[in-house]
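Below is one structure, written out as structure tokens; the observations come after it.
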Amino acid sequence: MIDLRSIHKSYVTGSNSLHVLKGIDLFVDKGELVSIMGASGSGKSTLLNVLGILDNYEKGEYYLDGQLVKEMSEAKAAILRNRMLGFVFQSFNLISFKNALENVALPLYYQGVSRKKRNKMALEFLDRMGLKEWADHLPSELSGGQKQRVAIARALITKPRVILADEPTGALDSVTSQEVMDIFQEINAAGITVIIVTHEREIAQRTDKIIRLKDGNIEEIIFNQHLQKAAI
Ligand code: ADP
Ligand code: MG
């Protein structure tokens, strides 16, 4: 599903260049639930942005579902993103003056889906998140956990094959974090590949595989099944 080969990325500002990803090799199979851990500044968000075709890289190859993602036009990248990927962020990124239903329906608006159909689908996805009763509420009227569930519904509504989440529980208390993680596990059980950047061990331990980044390199990959077996 995702195949990175020796990916290098630098940020250039003025005459300075910061080498952030230093030769990342990573394979994520269809249907895997993966976490990316590492200290602040180790390149986690940069890696997720490359995976999400939100940013370019200089060296290496990135294959998404067999297709080489390299020096793509913005139009082509947008098509691939819309067809394949869903995004979830720490700060939810909901539109404050639109209600929950409108936020969830928004990606369908951009796809030219009729208002009636997109509202019907948005209500279905909110219902799946247990938020049907909250459809006409603004984000400011929702708790953090509810906001993140709205954001997850919005990410799912285009039926992506891969969900990319950057510290999705970073702004939530530990109980709510575990509830959001329950949702990611359900999504994954339905066959969607899920990649979660997280600082929290309790979150990472609920994924199949933990990728540890250190200074722009993969330091180690921990397979949780093996860990659990080893512990028995
Ligand atoms: P993490 O998500 O692991 O905390 P990031 O990928 O956000 O790390 O950042 C890695 C490094 O790249 C940091 O030193 C950060 O300051 C730098 N960086 C991130 N984004 C940019 C940018 N747009 N321009 C310049 N430097 C950046
Ligand atoms: Mg980050």
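When DSSP beta bridges are restricted to pairs lying wholly in the stretch 57-206, around 15% turn out antiparallel. Of the trypsin sites (Lys or Arg not before Pro) found in the stretch 1-70, those in coil by DSSP whose Cβ has at most 16 other Cβ atoms within 10 Å are Lys30, Lys70.
For the options Ser174, Ser17, Ser45, a Gaussian network treatment of the chain with springs between C-alpha atoms closer than 10 Å singles out Ser17 as fluctuating the most.
So how much slack lies between Glu179 and Asn93, counting 0.36 nm per residue of separation and subtracting their Cα-Cα distance, in nm? Spell out each step's value before the answer.
Values: separation 86, 0.36 × 86 = 30.96 nm, distance 1.93 nm.
That pair, Glu179 and Asn93, stretches by 29.0 nm at full extension.
Per residue of the chain, the DSSP helices (runs of n ≥ 4 H) give a summed -39500 (n - 2.57) that works out to -11000 deg cm²/dmol at 222 nm.
Taking the chain as a Gaussian network, Cα atoms linked when under 10 Å apart, which of Val28, Val175, Val50 shows the biggest mean-square fluctuation? Judging by the Gaussian network model, the answer is Val175. Using a cutoff of 8 angstrom between alpha carbon atoms and counting only pairs six or more residues apart, the relative contact order for the chain works out to 28 percent. Taking 4 °C and 1.567 mPa s as conditions, the chain diffuses translationally at an estimated 70 µm²/s according to Stokes-Einstein applied to its Kirkwood radius (Cα pairs). Straight-line reach from Lys209: taking Cα to Cα under 16 Å and skipping same-chain neighbours fewer than 8 places apart, the lysines in range are Lys30, Lys44, Lys229.
Counting only protein heavy atoms and a 1.4 Å probe, the chain has 50 square angstrom of accessible area per residue. The GluC sites (Glu not before Pro) of the stretch 1-73 that DSSP puts in a loop, and whose beta carbon has at most 16 other beta carbons within 10 Å, are Glu58, Glu71.
Computed over the chain with a Gaussian network model linking Cα atoms closer than 10 Å, the most mobile of Gly43, Gly170, Gly52 is Gly170.
Bridging of Lys116 to lysines at a Cα separation below 30 Å is possible for Lys76, Lys98, Lys132, Lys147, Lys159, once same-chain residues fewer than 8 apart are set aside. The magnitude of the dipole of the chain, with charges of +1 and -1 set on the Cβ of Lys/Arg and Asp/Glu and taken from the Cα centre, is near 680 debye.
The values are calculated or read from the model by the stated rules, or taken from the named source; none is laboratory data. Predicted model only: the values in this text are computed from it and were never measured. Every residue, glycine as well, gets a Cβ built from its backbone with ideal geometry; the counts of neighbours run over all protein chains shown. The protein model used for the area step is the full one, side chains on, heavy atoms only, and it has no ligands, DNA or RNA in it. Shrake-Rupley method; radii C 1.70, N 1.55, O 1.52, S 1.80 Å.
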